[in-house]
Amino acid sequence: MLILRGLIVALGGFVFIFLPGAFIAILTRRNLRFETNLLLWGMGVLVVTLFPAIFLTSLLRMMIFGERAPEAGMLYAFLFLGSLMAAIFLEGGKYLLLRWRQISMAKLLGSGIMLGLGVGLLTNIYQGFSLIGAGFRLVLGDTSTPDLAKIASQAWLDLIMGLLALNVYRIALVVISAALGGLVAYALTKERLRWLWLAVLINSVSAWSYSAIGLVLGNDSLVANVIVLVYQGMLAALAVLWLMRQAPDSPRPPEKKRVSKPMEGKP
């Protein structure tokens, strides 16, 4: 049974990594141009903005709490502050990049969505590789670490629900990031910074709420996984619906009219 458990965990890791590709395929079948360079730029924006956000959040934590552990209420407040800090850097980075590249207004929305997709594809990708590695180690019978021993002894329902919740969270992360890229593009096309601040707010709340559920109920709790499954699924559905409205179906080419030729020999 340990081999089966390991295979399921490894499969969950592969799905975690490659599932967003299905959504990208859906978008590219619509009126949205796939641009690899913008995906790479989005990954670069995430890497560049991640370090100052983490540094400032850690600095604020040391200044506010010092070496003592924060109380429960302050912990949730500081968690939101950290999410807000990361969102400001990330969405601000998207805004500056789109403005710097001087993309035409007609292509700006699609470029923003692709940029957001790049951010979402790279975010937490290490978690998928971690699941794959843990699964293969379980297949070989390795339970030497506390994490592997925990997975090996975990109830089947908890294991399956945990993997399902992780993958729903993964697709929600990618589609919300794509939608936020579209909102940042709106800040440029409509020349209204409120769209940028709306993207910052949505980013902060979605990241904070996911972390808060884990803190309150525990990351491996069955109840927490069910809540994450429903909550993140709803967020993903709303983001997908919004994106589908921004990228309508590609217009079909007009059908050619058949011209009937006169029959040979007919007077």
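The values are calculated or read from the model by the stated rules, or taken from the named source; none is laboratory data. It should be emphasised that the depicted structure is a prediction, and the values quoted were computed from it without experimental measurement. Don't worry about glycine lacking a Cβ; one is built from the backbone with ideal geometry, like all the others, and counts go over all protein chains shown. Remember, those area values only see protein heavy atoms, side chains included, never the ligands or the DNA or RNA. Shrake-Rupley method; radii C 1.70, N 1.55, O 1.52, S 1.80 Å.
Quick look at the values:
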{"read-out": "Those residues of the stretch 7-40 which are open to solvent by less than 20 Å² (accessible area, probe 1.4 Å), farther than 23 Å from LYS94 by Cβ and out of contact with any Lys or Arg (no Cβ under 7 Å at 6 or more places or on another chain), in sequence order", "value": "VAL9, ALA10, GLY12, GLY13"}
{"read-out": "2 or more residues in contact with a Lys or Arg (Cβ under 8 Å, 6 or more places away or on another chain): qualifying helices (runs of 4 or more DSSP H) within the stretch 117-221", "value": "125-139, 146-153, 156-189"}
{"read-out": "Scope the stretch 98-152; condition free of Cβ contacts under 8 Å to residues at least 24 places away in the same chain and open to solvent by less than 10 Å² (accessible area, probe 1.4 Å); matching residues", "value": "LEU148"}
{"read-out": "Filter pass, GLY162 being open to solvent by less than 30 Å² (accessible area, probe 1.4 Å), at pLDDT below 90 and within 24 Å of PHE18 (Cα to Cα)", "value": "yes"}
{"read-out": "Condition met for ALA172 (under 27 Å from GLY135 (Cα atoms), surrounded by fewer than 20 Cβ atoms within 10 Å (Cβ to Cβ) and among the small types (Gly, Ala, Ser))", "value": "no"}
{"read-out": "Any hit, the stretch 148-171, residues being over 26 Å from GLY6 (Cα atoms) and of a type in the set (Phe, Trp, Tyr)", "value": "no"}
